[in-house]
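Values in this text are rule-based calculations from the coordinates and carry no lab data. Everything numeric here is computed off the predicted structure, so don't read it as measured data. Reconstructed Cβ throughout: ideal geometry from the backbone, glycine too, with neighbour counts over all protein chains shown.
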Amino acid sequence: MIDTIKIYTEIDINTYDEIKAKSIVKNSKNNNTGELLYEIINDHLEGSYDSRLSVRVGCGIKYRFVEKGYFIEIEGSYHKIVHGYNSHNGYYDLEFISLNLIQMVELSYNIKLPDFDFWFLQRCDIAICYNLKNQNNVKSYINSLSRCKYPRRNIKFFYDESLYLSGTTTTLKIYNKFLEFRKHDLKKFVNTKFDLTNYIKEIDGFIRFECEIKKKMLVKLYNKNHIRILDISYDVLKKVWRDEFMKLLNFVEKDFKIVRGREEVKERLNELYKSTKASRLYNFYCAIQLNGLIDTKESMSYRTYYRNIKELKNANIDFSQSYKIEEVELFYFNPFEAKEVA
């Protein structure tokens, strides 16, 4: 399903002024020259259960808009605004979602925004929840990903909770929906008529796979800088989600395979680390094979030796027959075979 999106279009100065007058304005000036360094004009429209829709306007230079000179960005989750949650019962029609968000802004500010033909997509999150039946299964699966390595990605892992991999074209998240809801959204439903008890029971075993598709990826897909919402297919976005998670999970499977032998070790290190670090660790591994652990340890500083040992362990490399790496049992779950929670 489609969760958070960011859409934008060009607006004229009258529309810009109307929104600016009702928004929060933050700016910075050079006190010596009086030059305006930057200006942020942003507002939040309140939806159901404290779900927010962000509205931002600014100078059109950001998007190379020169005809009217200004832009408006709308960002938020229509799903959360309507339902208050975003685990299931979602929406798949980008045009429908966008039109509704635009209408909300028009009604809130009492303005008329440009025709839909001139609206473009900046970001789109494709998120799918699966039901693993209980918390034990969800935690077991997420914790089995704790040693995951992914080249050219910043990785954050939180025990029992989530795996987060940020990149320039996409950001991937796998997380425990129950714990995420309890941590971030539970308080929004206090003193409301929302059936919180049954909802918490329902999502107890939910795991969520979310792919944030960024502008750089959209430009690559459609080969143009401004991608009209009307030209975008959900199937194309879903394929990005599938391809990105397939690459990740292939790395996970390889990461859990213990490698032995020089060629396998060299390949594993080059997959996980930059060339300089990979070469250093490979030479360290070869030194162990040639000279043994004791002689290798005596040839370098205590700190360097144990840092290298730790990094070989993290890479799941069997560097000595006298050292046994514990096999980690991977909780089996294949999101490409499972059924999405409807």
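Based on the Kirkwood approach, the hydrodynamic radius assigned to the chain is 23.3 Å, with every pair of different Cα atoms included. Once the Cα atoms are used to define both axes, helix 234-255 deviates from the longest principal axis of the chain by about 20 degrees. Going from the fewest other Cβ atoms within 10 Å to the most, the residues CYS129, CYS211, CYS59 appear in the order CYS59, CYS129, CYS211. When the charge dipole of the chain is built from unit charges on Cβ atoms (+1 for Lys and Arg, -1 for Asp and Glu) and taken about the Cα centre, the candidate among VAL341, SER146, TRP119 whose Cα reaches farthest toward its positive end is SER146. Here segment 57-192 is treated as an ellipsoid with the same Cα gyration tensor; its semi-axes, largest first and in whole Å, are 35, 21, 12. Going by neighbour counts of Cβ atoms within 10 Å, the residues VAL66, VAL236, VAL57 line up, fewest first, as VAL66, VAL236, VAL57.
The distance between label points at ASN334 and LYS62 comes to 4.4 nm (points 7 Å beyond Cα on the Cα→Cβ vector). Comparing mean-square fluctuations of THR171, THR15, THR276 from a GNM of the chain with C-alpha springs under 10 Å, the top value falls on THR276.
Computed from Cα atoms, the angle from the helix 94-109 axis to the main principal axis of the chain rounds to 50 degrees.
Over every pair of different alpha-carbon atoms in segment 124-256, take the mean of 1/r and invert it; report that Kirkwood radius in Å. Computed over Cα pairs of segment 124-256, the Kirkwood hydrodynamic radius comes out at 16.3 Å. Using a simple spin-label model with pseudo-atoms 7 Å out from Cα toward Cβ, THR276 and LYS193 lie 6.3 nm apart.
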